[in-house]
Each structure stands twice: as C-alpha cells, then as structure tokens.
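Asks: Just passing along the structure, written as structure tokens.
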Amino acid sequence: MSLTELIAGVEDHQKTLTVFNAGESVVDDLRERFADRNVRVLPERTESGRPGEFITLSDGEEVVAAASLDSFTETLSDGERYITRDSSPYRSILDHLDETMFTSWSIERMVAASREIEDRAWRVGYGSLHAGFQTLSTLQGELDLYERLGETDVSVHAYAVPDTEPPESSAFTLHLERSQEIADSWFVVFDGGGDPRQKCALLAEEREPREFYGFWTYDESTVDWIIDYLESTYGYLEQ
C-alpha cells in the first residue's frame, strides 16, 4: 500500500454526524463547518423531542460517539483546531473523527495544521519527526525551523524531490527522492517521543494546483504505519 492508497482508503470510509431535535439553521451551520470533511451531516428528531438537542457520530450502522449539541458547538465557536488532545466536552467525537478527510485545503491551512505537529515535537523534545515538502525548493523556505528542530533530541527527517541544490550540511536527515509520490505528497508525522498519546500525523496529496486532499490523525497504528512505510521505502542522501 502506498501513501496515495492510504488516503483513498480513508476517503472511502465516510462517517455520519446526526443532529437531533435542532433547527434547520443549526444543521445548515454544521454542514458548512464540515463541508471540507468526509462527513455527512443529517437532521433527525426523536418522537418526544427529548432529551433535547444532541448529536451522534456513526460509522456505518454503529453509533460510535454522542455529545450534547451545546457542548459541541460551543467549543467549535472557539475556532477550528487541527491536531489537539484536550479534555474538551466533545473529545469523544473528535476521537472517532480521527482519520477524517479534508478536501480542497489551501497552502495556508496546510501550513497551520503542519505547525501543530511541529510544535508538538518541539514541546516533547525527543522522538522522530518525518516531513514531506514535495520539492527541495519548498524545503529551503523552512530550513531555519527544521535546523532548529534538528538541533534538539528530535530525530528529524525531511523528504523532497531535488529541484535545486541541497544545503551543504544540515542538522536533520535529508531524503532526496525522484519519486512522483514524494512530489505529490505533503506530510508531517511525529512518533510521539515514546508517548503514544503524542503520536499524530498529517497526510495529503496535491490533486489540483495548490489544493490538498488528505487527513490528519492521532491513531497510533496509522502513525506507525506511515513512519514504517517512509523508512522502508525511501533512503537518504544528506545528513
């Protein structure tokens, strides 16, 4: 299985967010909020209208999580988050939205999500971080950040197609590959530094010019698979 096939597998696995006993405007608002995710948002009513407004998340026929609508929308109003683990009232919903697709993300949104993972690696201070930049010229713009990360106890690996001269030396391992997969893929993957709760990954491919389709996750087995795949598939040129 390749990175592209992994993305396609997640894309084919759509979840359903059902909104109970809420007004049409609430359902429309949630549809808009999840418009770039691989999640269906459906309205539903209980016969009695009780126990009030709530939501469920279903995977196929199985309901995997539920939360009150107020707690869910209140935290959403605080601003969109990408890679987080906290004690928010709707944590169980996010747990089951691991590996949820996003569509048509801009470079700005990809950078914001990438920074979440890079910051986590920086805070943990050890472990390994793998990042795919598509091209070496893109990596050039991030050299200062990745040099600083590479000077910590985090083992940093950067992957890129060589379209310019590589740096003479670096504090991280540089994997130069003339691979279409590397040219198309944007990824940032952190192994958690020995703490499974800190594992997280962002994986996407550029299907249209500067628009990215993919997913993020902090599922341990998915993070491990991506790292194992990168390590077994791509060698390195510079260190």
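The values are calculated or read from the model by the stated rules, or taken from the named source; none is laboratory data. Computed from a prediction, not measured in an experiment: that's the story for all the values here. Positions of Cβ are backbone-derived with ideal geometry, glycine not excepted, and every protein chain shown enters the neighbour counts. For accessibility, only protein heavy atoms count, side chains too; no ligands or nucleic acids. Shrake-Rupley method; radii C 1.70, N 1.55, O 1.52, S 1.80 Å.
Asks: Exactly one condition in (1) modelled with pLDDT of 95 or more; (2) open to solvent by 50 Å² or more (accessible area, probe 1.4 Å); (3) within 15 Å of the chain's Cα centre (by Cα) is not met by GLU118; state its number.
Replies: With respect to (1) modelled with pLDDT of 95 or more; (2) open to solvent by 50 Å² or more (accessible area, probe 1.4 Å); (3) within 15 Å of the chain's Cα centre (by Cα), GLU118 is out only on (2).
Asks: Follow-up. Note down all Cβ pairs under 6 Å where the first residue falls in region 1-26 and is aliphatic (A, V, I, L, M), the second is in a loop (DSSP other than H, G, I, E, B), and they're at least six residues apart or on different chains.
Replies: VAL10/GLU99; ALA22/GLU53
Asks: Moving to a separate point now. Within region 1-114, considering only helices (runs of 4 or more DSSP H) that don't extend past its boundaries, which have at least 3 residues that are modelled with pLDDT of 85 or more and over 28 Å from ASP195 (Cβ atoms)?
Replies: Qualifying helices (runs of 4 or more DSSP H): 3-11, 24-33.
Asks: Select from region 115-131 the residues that are in contact (Cβ under 8 Å) with a residue 12 or more places away in the chain and either part of a helix (DSSP H, G or I) or farther than 20 Å from GLY194 by Cβ (or both) and list them in ascending order.
Replies: First pass over region 115-131, keeping only residues in contact (Cβ under 8 Å) with a residue 12 or more places away in the chain: 116-118, 120-122, 124-131.
Once the filter is applied, which keeps residues that are in contact (Cβ under 8 Å) with a residue 12 or more places away in the chain and either part of a helix (DSSP H, G or I) or farther than 20 Å from GLY194 by Cβ (or both), region 115-131 yields GLU116, ILE117, GLU118, ARG120, ALA121, TRP122, VAL124.
Asks: Check off (1) touching a residue at least 40 places away in the same chain (Cβ under 8 Å); (2) open to solvent by 90 Å² or more (accessible area, probe 1.4 Å); (3) out of contact with any Leu (no Cβ under 7 Å at 6 or more places or on another chain) for ARG45 and give me the number that stays unchecked.
Replies: Answer for ARG45: the failing condition is (1).
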